[in-house]
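Right, I'll just put the structure down here and ask away after.
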Amino acid sequence: MRISRKIRFQLHLQKLLFVILILAIAGMLGWLSNKHAFTFDWTSNKRNTLSSSSIGLLETLDGPVNVHVYLKENQTVSTAVEEILRRYQRVKPDFNFRLINPDIDFDTAQQDEVERYGQVIIQHKDKKERITSLSEQAISNALLRLSRSSDLKVAFLKGHGERSPQSDDNTSYSKLANELTNKGFTIESHNLLLSPLPSDTAVLVIAAPAREILEGELDHIIAFIEDGGNLLWMMDPGELQGTEALAEMLGISFHPGIIVDNNANLRKTLRIQHPAMVPVLDYHQHAITEKLQYNTLFPISRGVEQLQQQQASSWSASIIAQSLPRSWSEAGGLAAEVAFEPENGDVEGPVTLILALERAIDGKEKADKASQRIIVAGDSDFLANSYIGAGANLSLGLGIFNWLAGDDDLIAVESKNAPDTKLELDDIEIMLIGAGFFIVLPLVLILAGAFIWMKRRKR
């Protein structure tokens with residue numbers, strides 16, 4: 001078939017227009033990608049996206065944030081750093097950052113008092129924070145500290161065998177204290193025999209006293225609460241150690257038994273060995289728990305509840321965490337085989353583990369907030385060094401302290417680790433994989449080779 005010159009010209013023109021159109025679309029997409037950034041995070045736990053906690057924190061920051069990152073000239077590192085910081089900039093447009101080579105911009109480095117490569121200076125208003133890591137956890141924690149108007153003092157009661165925020169043993173709270181310090185809290189231990197609580201104490205912590213609190217000390221605690229102070233009170237199963245008057249003042253009571261959950265299938269799934277290791281899978285709606293996504297674990301705990309005659313008082317009670325419906329409060333102690341026996345005093349679940357109390361304190365000079373807040377928990381182990389890393393225990397603990405401090409919008413920002421970096425196999429699975437590689441796969445290759453050889457012979 002012969003093509004005329006006219007048709008040939010039209011075909012060439014169509015090709016030219018097609019190429020121009022493709023180039024125009026590519027140019028438009030490039031321009032749009034430069035003006036508007038669209039990202040998609042396909043990781044299982046959204047490791048490449050800011051958490052809702054960080055986003056909420058950025059929304060509370062008034063005014064620009066300036067970040068100086070001191071690095072050597074390295075394109076790969078610079079690109080990775082920019083990607084992390086742009087996540088913040090996309091949420092807060094006035095989140096400004098500069099990548100600075102201290103060997104070149106010596107004056108700025110000297111002004112920021114930079115001593116080595118890798119230091120990061122974050123400034124908000126007239127306050128600065130210095131960090132050495134560019135993870136979301138490190139950056140958001142620094143921003144959280146900058147957002148606080150002042151240091152929040154947390155006083156841990158001591159002198160009665162309470163959990164210590166300074167000790168590193170498994171039953172103590174040093175890991176919790178480090179996390180709180182990173183988030184702008186000031187941690188101290190206080191003995192009431194030496195002096196009353198300082199007036200600038202934001203939160204008093206009573207963490208499972210093992211010996212009796214003296215009447216004079218309890219008077220100081222009650223006076224602190226009557227003056228609008230906030231309290232975290234944790235009591236393990238056993239005696240109340242002289243705090244009965246405090247429980248009466250708050251209108252709450254502790255169950256005498258130990259909470260157990262004898263669901264064998266659940267314990268197997270969660271790899272829990274003992275029925276007194278109580279998991280919490282669902283949470284009641286509250287500012288403390290609204291962003292919790294994982295289960296928490298409470299070892300050797302007791303129930304706590306608001307007394308009925310106090311429900312019409314000034315205290316408003318909210319349940320934070322409860323055991324599962326099939327659990328109960330075991331009054332007879334922990335035997336080899338536990339069973340629900342209501343005739344022996346067992347209390348049917350779900351049993352409340354953590355209770356939040358709140359009341360208005362208008363007119364109190366001590367308080368900066370409009371309400372006074374108290375948390376009562378029937379367990380202290382869930383924040384101990386050996387258990388704080390279990391599930392969402394750390395997030396729950398930090399949420400409690402933020403709520404007690406009045407920072408409802410500031411929730412814990414934890415590091416996002418890849419959930420699929422470790423593969424656990426039992427002996428049978430290992431044997432099957434070994435057989436596949438050393439027997440099945442070689443056999444398949446031999447058979448395939450034999451088949452190809454026979455097929456070629458027949459040609």
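Every residue, every condition in (1) more than 21 Å from Ser133 (Cβ to Cβ); (2) assigned by TED's automatic domain parsing to the domain that holds Leu134; (3) surrounded by 19 or more Cβ atoms within 10 Å (Cβ to Cβ); (4) of a type in the set (Val, Ile, Thr), yes or no:
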site: Gly56; (1), (2), (3), (4): yes, yes, no, no
site: Gly63; (1), (2), (3), (4): yes, yes, no, no
site: Val69; (1), (2), (3), (4): no, yes, yes, yes
site: Ser78; (1), (2), (3), (4): no, yes, no, no
site: Glu83; (1), (2), (3), (4): no, yes, no, no
site: Arg90; (1), (2), (3), (4): no, yes, no, no
site: Pro93; (1), (2), (3), (4): yes, yes, no, no
site: Phe106; (1), (2), (3), (4): yes, yes, no, no
site: Gly118; (1), (2), (3), (4): no, yes, no, no
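Among the numbered criteria (1) under 24 Å from Val347 (Cα atoms); (2) outside any loop (DSSP other than H, G, I, E, B), which single criterion is violated by Leu240?
(2) is the only condition that Leu240 fails.
Can you confirm whether His68 is touching an Asp or Glu at 6+ places or on another chain (Cβ under 7 Å), at pLDDT 85 or above and more than 18 Å from Ser51 (Cα to Cα)?
Yes, satisfied.
Among (1) under 22 Å from the mean Cα position of the chain (by Cα); (2) crowded, with 20+ Cβ neighbours inside 10 Å, where does Thr132 come up short?
Unmet condition: (2).
For region 226-234, state whether one or more residues are crowded, with 16+ Cβ neighbours inside 10 Å, modelled with pLDDT under 95, among the aromatic types (Phe, Trp, Tyr) and not in a loop (DSSP other than H, G, I, E, B).
No: region 226-234 contains no residue that is crowded, with 16+ Cβ neighbours inside 10 Å, modelled with pLDDT under 95, among the aromatic types (Phe, Trp, Tyr) and not in a loop (DSSP other than H, G, I, E, B).
If you don't mind, another one. Sort out which residues of region 324-344 are more than 13 Å from Asn262 (Cα to Cα), under 35 Å from the mean Cα position of the chain (by Cα) and at pLDDT below 80, and write them in order of number.
Result: Gly333, single match.
Do any residues in region 331-350 that are loosely packed, with under 12 Cβ neighbours inside 10 Å have Cβ atoms under 8 Å from those of residues that are at pLDDT 80 or above and of a type in the set (Asp, Glu), where the two are at least six apart or on different chains, and which pairs are they?
Cβ pairs passing all conditions: Pro342/Glu348.
Yes or no: Asp94 touching a Pro at 6+ places or on another chain (Cβ under 6 Å), touching a residue at least 12 places away in the same chain (Cβ under 8 Å) and among the charged types (D, E, K, R)?
Yes, satisfied.
Also, quick follow-up: Go through region 247-273 and report how many residues are under 24 Å from Asn230 (Cβ atoms) and either surrounded by fewer than 16 Cβ atoms within 10 Å (Cβ to Cβ) or out of contact with any Gly (no Cβ under 7 Å at 6 or more places or on another chain) (or both).
Within region 247-273, residues that are under 24 Å from Asn230 (Cβ atoms) and either surrounded by fewer than 16 Cβ atoms within 10 Å (Cβ to Cβ) or out of contact with any Gly (no Cβ under 7 Å at 6 or more places or on another chain) (or both) number 7.
The values are calculated or read from the model by the stated rules, or taken from the named source; none is laboratory data. All values reported here derive from a predicted model rather than from experimental measurement. Methodologically, a virtual Cβ is constructed for each residue, glycine included, from the backbone with ideal geometry; neighbour enumeration extends over all protein chains shown.
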